[in-house]
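Enquirer: Encoded as structure tokens, here's the structure I'll be asking about.
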Amino acid sequence: MDHVSKALELNRGGFNCAQSVLCAFSDVTGLGRDDSLRLAAGLGGGVRSGEVCGAVSGAVLVLGAAYPFTDASDKDAKYRIANLAKEFCARFREKYGVVTCRELLERTAGEEKRYRYCGDYVRDCAALLDEMLAENPRD
């Protein structure tokens with residue numbers, strides 16, 4: 001199953017947007033299902049406060065795993081992940097105008113629509129991650 005399908009399946013199964021995106025990319029992150037679900041549990045709903053969309057946060061976690069910055073003296077790695085995270089947010093913002101959960105959900109009305117639109121964000125974040133991973137070969 002591809003990343004987009006996995007992310008949507010997880011989201012439809014009751015997991016939040018961040019969990020769905022992070023867990024769908026376990027082949028990239030090296031994280032198991034339970035670890036992915038635990039790490040991203042508090043990020044849904046914009047860290048449960050309407051801030052940065054959970055699907056975007058989950059995607060940035062995937063980028064961090066794919067392009068690690070683990071040595072403080074490695075400035076190239078530091079700038080690479082910083083630029084990739086900014087680029088991801090810019091591309092998401094280009095499509096939706098904002099990256100904050102609160103603003104994204106204000107554009108919808110009612111719970112049914114909210115879940116449908118969150119599925120759109122999950123889908124688009126997974127697809128955008130696939131694009132960016134393909135465009136940026138990993139070491």
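The values are calculated or read from the model by the stated rules, or taken from the named source; none is laboratory data. Just so it is clear, the model here is predicted, and its values are computed rather than measured. Glycine also receives a Cβ, built like all others from the backbone with ideal geometry; neighbour counts cover every protein chain displayed. Ligands, DNA and RNA are stripped out before the accessible areas are found, and what is left, the full protein with its side chains, is counted by its heavy atoms. Shrake-Rupley method; radii C 1.70, N 1.55, O 1.52, S 1.80 Å.
Enquirer: Which residues, taken from the range 15-31, are within 13 Å of the chain's Cα centre (by Cα), outside any helix (DSSP H, G or I) and either within 13 Å of V99 (Cα to Cα) or not aromatic (F, W, Y) (or both)?
Expert: Within the range 15-31, N16 is the sole residue that qualifies.
Enquirer: Is it true that E103 is within 19 Å of S57 (Cβ to Cβ), modelled with pLDDT of 85 or more and either among the hydrophobic types (A, V, I, L, M, F, W, C) or surrounded by 14 or more Cβ atoms within 10 Å (Cβ to Cβ) (or both)? Lay out the reasoning, then the answer.
Expert: On the way: within 19 Å of S57 (Cβ to Cβ): yes; modelled with pLDDT of 85 or more: yes; either among the hydrophobic types (A, V, I, L, M, F, W, C) or surrounded by 14 or more Cβ atoms within 10 Å (Cβ to Cβ) (or both): yes.
Criteria met by E103.
Enquirer: Going by the structure shown, is G50 more than 12 Å from the chain's Cα centre (by Cα), under 15 Å from V99 (Cα atoms) and either of a type outside the set (D, E, K, R) or open to solvent by 70 Å² or more (accessible area, probe 1.4 Å) (or both)? Full working, then the answer.
Expert: On the way: more than 12 Å from the chain's Cα centre (by Cα): yes; under 15 Å from V99 (Cα atoms): yes; either of a type outside the set (D, E, K, R) or open to solvent by 70 Å² or more (accessible area, probe 1.4 Å) (or both): yes.
Judged against the criteria, G50 is a match.
Enquirer: Here are some residues: K6, K78. Which one is surrounded by 12 or more Cβ atoms within 10 Å (Cβ to Cβ), charged (D, E, K, R) and touching a residue at least 12 places away in the same chain (Cβ under 8 Å)? Steps first, please.
Expert: Working: K78 fails: touching a residue at least 12 places away in the same chain (Cβ under 8 Å).
The unique qualifying residue is K6.
Enquirer: Being over 21 Å from R12 (Cβ atoms), open to solvent by less than 50 Å² (accessible area, probe 1.4 Å) and without any contact (Cβ under 8 Å) to a residue 60 or more places away in the chain is the filter here, so list the residues in the range 53-72 that pass it.
Expert: Restricting attention to the range 53-72, the residues satisfying the condition of being over 21 Å from R12 (Cβ atoms) are 60, 63-72.
Filter again for open to solvent by less than 50 Å² (accessible area, probe 1.4 Å), leaving 60, 63-67.
V60, G64, A65, listed by residue number.
Enquirer: Quick one: count up the residues across the range 9-42 that are open to solvent by 40 Å² or more (accessible area, probe 1.4 Å) and either touching a Leu at 6+ places or on another chain (Cβ under 8 Å) or of a type in the set (K, R) (or both).
Expert: Number of matching residues: 6.
Enquirer: If you scan the range 64-110, which residues turn out to be under 18 Å from E51 (Cα atoms) and β-branched (V, I, T)?
Expert: Within the range 64-110, V98, V99, T100, T108 qualify.
Enquirer: Is there a residue in the range 29-47 that is polar (S, T, N, Q) and without any contact (Cβ under 8 Å) to a residue 12 or more places away in the chain?
Expert: The first filter runs over the range 29-47 and keeps only residues polar (S, T, N, Q), leaving 29, 36.
In the following step, the residues that additionally are without any contact (Cβ under 8 Å) to a residue 12 or more places away in the chain were identified as none.
Within the range 29-47, not a single residue is polar (S, T, N, Q) and without any contact (Cβ under 8 Å) to a residue 12 or more places away in the chain.
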